[in-house]
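Remarks on the structure that follows.
The values are calculated or read from the model by the stated rules, or taken from the named source; none is laboratory data. Please read these numbers as outputs of a predicted model, since none were measured by experiment. Cβ sites come from the backbone with ideal geometry, for glycine too, and all protein chains shown count toward neighbours.
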Amino acid sequence: MDSIKHRLPASITTDRLVLTTPTLAHVPEMAVLANNAAIHAVLSRLPFPYDESHGRDFVENIARGPEEFAWSILLDGGYVGTIGLHVLPDHLPELGYWLGEPHWGKGYATEAAHAVVAAAREAGYPALRSRALLTNQGSRNVLAKVGFSEIGEDTDQAGTLAGQRLMQMRLEFTR
């Protein structure tokens, strides 16, 4: 499935958003928005405190690295969050995302997720997976809105959420 990754678009435009390759120009706002305990509390791979060095590392080494295909989420040209696929050999890609807290509850996560799901389907992935903390009903709702089904509870094994209960989710594409 890794060979499919090269078919994903570098940029995607929706009604209100532009999803684009993360760049160093996004780092200052990324650092401000990501340096938030409320965001850190629900993400297993986001450092905290978060500063510009973390953002630079993300842009330069992770965002389009061997195991990731991430997009910056832009609203009116300004950075509001990140969405992407975590792509590991012999696993379905995992959809993950975060938005800066000032942008919660406005439908941006759902809009961005719809776009990435469509791009993944078009690229040829047979299905996607995702997960959210049991207590993160907002994220579980976003994933349900874009077609994910809850397939079972689990315990996070690694990262900052290790030991916490989460819901595993899956989206099958029909061809």
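Take region 104-114 and flag every residue that is assigned to a helix (DSSP H, G or I) and without any contact (Cβ under 8 Å) to a residue 60 or more places away in the chain.
Once the filter is applied, which keeps residues that are assigned to a helix (DSSP H, G or I) and without any contact (Cβ under 8 Å) to a residue 60 or more places away in the chain, region 104-114 yields A109, T110, A113.
So which residues in region 34-46 are more than 15 Å from the chain's Cα centre (by Cα) and either in a helix (DSSP H, G or I) or more than 21 Å from G105 (Cα to Cα) (or both)?
Listed by number, the residues that qualify are A37, A38.
Can you pull out every residue in region 20-33 that is crowded, with 19+ Cβ neighbours inside 10 Å and assigned to a loop (DSSP other than H, G, I, E, B)?
P22, the sole residue that qualifies.
Against the conditions (1) at pLDDT below 95; (2) in contact with a Leu (Cβ under 8 Å, 6 or more places away or on another chain); (3) of a type outside the set (F, W, Y), where does L128 fall short? Just the number, please.
(1)
Is one or more of the residues making up region 4-19 surrounded by 15 or more Cβ atoms within 10 Å (Cβ to Cβ), under 28 Å from P89 (Cα atoms), without any contact (Cβ under 8 Å) to a residue 12 or more places away in the chain and not basic (K, R)?
Scanning region 4-19 turns up no residue that is surrounded by 15 or more Cβ atoms within 10 Å (Cβ to Cβ), under 28 Å from P89 (Cα atoms), without any contact (Cβ under 8 Å) to a residue 12 or more places away in the chain and not basic (K, R).
Please give the strands (runs of 3 or more DSSP E) falling wholly within region 115-175 in which 1 or more residues are surrounded by 16 or more Cβ atoms within 10 Å (Cβ to Cβ), of a type outside the set (D, E, K, R) and in contact with a strand residue (DSSP E or B) (Cβ under 7 Å, 6 or more places away or on another chain).
Hits in region 115-175: 127-133, 165-172.
Go over the candidates E68, E94, E52 one by one and state the one that is in contact with a helix residue (DSSP H, G or I) (Cβ under 8 Å, 6 or more places away or on another chain), free of Cβ contacts under 8 Å to residues at least 60 places away in the same chain and closer than 21 Å to A162 by Cα.
Every option except E68 fails the conditions.
Please find, among G152, G81, the residue that is over 16 Å from the mean Cα position of the chain (by Cα) and small (G, A, S).
Being over 16 Å from the mean Cα position of the chain (by Cα) and small (G, A, S) holds for just one of G152, G81, which is G152.
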